[in-house]
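Undergrad: Below: one structure in structure tokens.
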Amino acid sequence: MKRREAREQAFVLIFERSFSHDTTEQIIDAAGLCGDIIIDDFARRIAVGAEQNEEAIDALIEKNIRGWKMNRLSKVSLALLKMAIYEIMFEKDIPVNVSINEAINLAKKYGGADDAPYINGVLGSVVKDLGDKVARE
């Protein structure tokens, strides 16, 4: 599976958690039991990592959405922000611009008309906020 497809799986898992009280692993197990899909290892790592680091990721989102509250964000935008910020913070082998571009592309596919530019702006602010911690391109 290509990384782009795996990233889309990770997005779906993170998005699913926004409707469920289940952990990412429970969601993955349920999908496996139904025989619906086989989750890629990269997708699992991203989705589980976003869940495990949710407090730090949510704090960064809250800090960088200026004038908004997280509960006002669409579930699509929030899931994409969590996925991209996890990658930016913890996946050192992925260039920051790739994480941002992939989130924007998924926003164009799954979100509303304003989601992609909004996600781009928030992620740009997050990268500036993190500064040297993400300087790896």
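Undergrad: With each run of n ≥ 4 DSSP H residues scored as -39500 (n - 2.57), what mean residue ellipticity at 222 nm is computed for the chain after dividing by its residue count and rounding to the nearest 500 deg cm²/dmol?
TA: -22500 deg cm²/dmol
Undergrad: Each label point is 7 Å from the Cα along the Cα-to-Cβ direction; what then is the distance between the points at CYS34 and GLU55, in nm?
TA: So the label points at CYS34 and GLU55 sit 3.2 nm apart.
Undergrad: Relative contact order for region 12-67 using alpha-carbon pairs under 8 Å, separation at least 6, rounded to a whole percent?
TA: Across region 12-67, relative contact order equals 31 percent.
Undergrad: Next question, about the same structure. Taking 30 Å as R0, compute the FRET efficiency from the Cβ-Cβ separation of TRP68 and LEU130 and round it to 0.05.
TA: Taking R0 as 30 Å, the efficiency between TRP68 and LEU130 is 0.95.
Undergrad: Between PHE90 and LYS108, what is the label-point separation in nm under the 7 Å Cα-to-beta-carbon projection?
TA: 2.8 nm
Undergrad: With label points built 7 Å along Cα→Cβ from the Cα atoms of LYS75 and PHE19, find their separation and express it in nm.
TA: Simple spin-label model gives 0.5 nm for this pair.
Undergrad: Separate question: Cut-off 11 Å, label point 7 angstrom out along Cα-to-Cβ of ARG4: give me the residues of region 99-119 whose amide nitrogen falls inside.
TA: 102, 105-106
Undergrad: Here is a follow-up. In region 3-134, if the dipole is taken from +1 on Lys/Arg beta carbons and -1 on Asp/Glu beta carbons about the Cα centre, which of ALA56, ILE28, GLY111 is farthest to the positive end?
TA: GLY111
Undergrad: Across the chain, how many lysine pairs, 8 or more apart or on two chains, come within less than 23 Å at their alpha-carbon atoms?
TA: For the chain, qualifying lysine pairs total 21.
Undergrad: Pop out the ³J(HN,Hα) list for region 77-87 in order, Karplus 6.51 cos²θ - 1.76 cosθ + 1.60 with θ = phi - 60°, rounded to Hz; leave Gly and Pro as x.
TA: Per residue, the Karplus-derived 3J(HN,Hα) values read 4, 5, 5, 5, 4, 4, 4, 5, 5, 4, 4 Hz.
Undergrad: Moving on. If one computes the Cα centroid of region 1-44 and of region 61-133, what distance in Å separates the two points?
TA: Going from one Cα centre to the other spans 19 Å.
Undergrad: Could you give log10 I(q)/I(0) at q = 0.23, 0.31 Å⁻¹ for region 1-46, computed by the Debye formula over C-alpha point scatterers of equal weight, without solvent?
TA: Taken in order of the listed q values, log10 I(q)/I(0) reads -0.76, -1.21.
Undergrad: Turning to a different aspect of this structure: Once phi is turned into θ = phi - 60°, what whole-Hz ³J(HN,Hα) does the Karplus curve with 6.51, -1.76 and 1.60 give for every residue of region 40-50, x standing for Gly and Pro?
TA: Each residue's phi maps through the Karplus curve to give 5, 4, 5, 4, 4, 4, 5, 5, 5, x, 5 Hz.
Undergrad: Counting pairs of Cα atoms in the chain, how many percent are more than 19 Å apart?
TA: Summing the P(r) tail past 19 Å for the chain gives 46 percent.
Every number in this text was worked out from the coordinates using simple rules, so none of it is lab data. Worth saying up front: this structure is predicted, and the values here are computed from it rather than measured. With ideal geometry, Cβ positions are generated from the backbone for all residues, glycine too; neighbour counts draw on all protein chains shown.
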